Amino acid sequence: MTLTVDIALRRSTLNIAVSFTAAVGVTALFGASGAGKTSVLNMIAGVLTPTEGRIAAEDAVLFDKSAGISLAPPERRVGYVFQDGRLFPHLSVMRNLTYGYRLVPAAKRYVEPPDVIALLGLGSLLERRPDTLSGGEQQRVAIGRALLTSPRILLLDEPLSSLDAGRKAEIMPYLERLRDSVRVPMIYVSHERAEIARLAARVVHIDAGQVSCVTEGGF
């Protein structure tokens, strides 16, 4: 699976024009706050529409301005993990995990709840509510929920930014396990060099909405 992104978005505050590919594993979007990284994720997810360009995951075209194609977010099969977990507060961990899973046709599922629970070490948390979890535990549940939608692409928007150093250290091994186990492109946004150096095989450097360079093998 390869994700191909070649898009532009003209805005009054920032003109974005980026082009890159992402293979299985972690591709990082690195740059200062306000460089346009999250806007790129939102265009891939379909919650923000590019002015022009094309986004494709192998043979599946998610967006093509010239061809008039713009799939709705649910049709794109993109998993999205935000800076804050955005878990459903009234649901247990197990029901949060399986919320999107139940909406995926059986023929399109490539991962099952027991596998994700084991991968992310969630077995002891399943009956708890989000407000009883630590920040690191909430992010692990959010990652699991996104993964259980069997996405073509997994987007992670600074998933550690709200955590202190101890919680970051706690969750990092799970992110490495995710990277090594899941066979889809993962786009990881951060402005923290240490995170990217540990996780990413490719780094797309974004400066003021433009790709300044692409480095292989991390920094």
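Only a single criterion out of (1) modelled with pLDDT of 95 or more; (2) over 24 Å from residue 108 (Cα atoms) is not satisfied by residue 35, namely (1). If the condition is being polar (S, T, N, Q) and either touching a residue at least 40 places away in the same chain (Cβ under 8 Å) or crowded, with 24+ Cβ neighbours inside 10 Å (or both), then the stretch 8-38 contributes 15, 19, 27, 33, 38.
Taking (1) modelled with pLDDT under 95; (2) crowded, with 16+ Cβ neighbours inside 10 Å in turn, residue 53 satisfies each apart from (1). The set of residues in the stretch 53-104 that are touching a residue at least 40 places away in the same chain (Cβ under 8 Å), closer than 18 Å to residue 142 by Cβ and outside any loop (DSSP other than H, G, I, E, B) comprises 78, 79, 80, 81, 93, 96, 97, 101, 103. Checked against (1) surrounded by fewer than 17 Cβ atoms within 10 Å (Cβ to Cβ); (2) under 19 Å from residue 191 (Cα atoms); (3) not polar (S, T, N, Q), residue 58 meets all criteria but (2). When 27, 38, 4 are screened for being in contact with a Lys or Arg (Cβ under 8 Å, 6 or more places away or on another chain), within 28 Å of residue 135 (Cβ to Cβ), among the polar types (S, T, N, Q) and not in a loop (DSSP other than H, G, I, E, B), only 27 passes.
The values are calculated or read from the model by the stated rules, or taken from the named source; none is laboratory data. Worth saying up front: this structure is predicted, and the values here are computed from it rather than measured. Quick reminder, even Gly has a Cβ in these numbers, built from the backbone with ideal geometry, and neighbours come from all protein chains shown.
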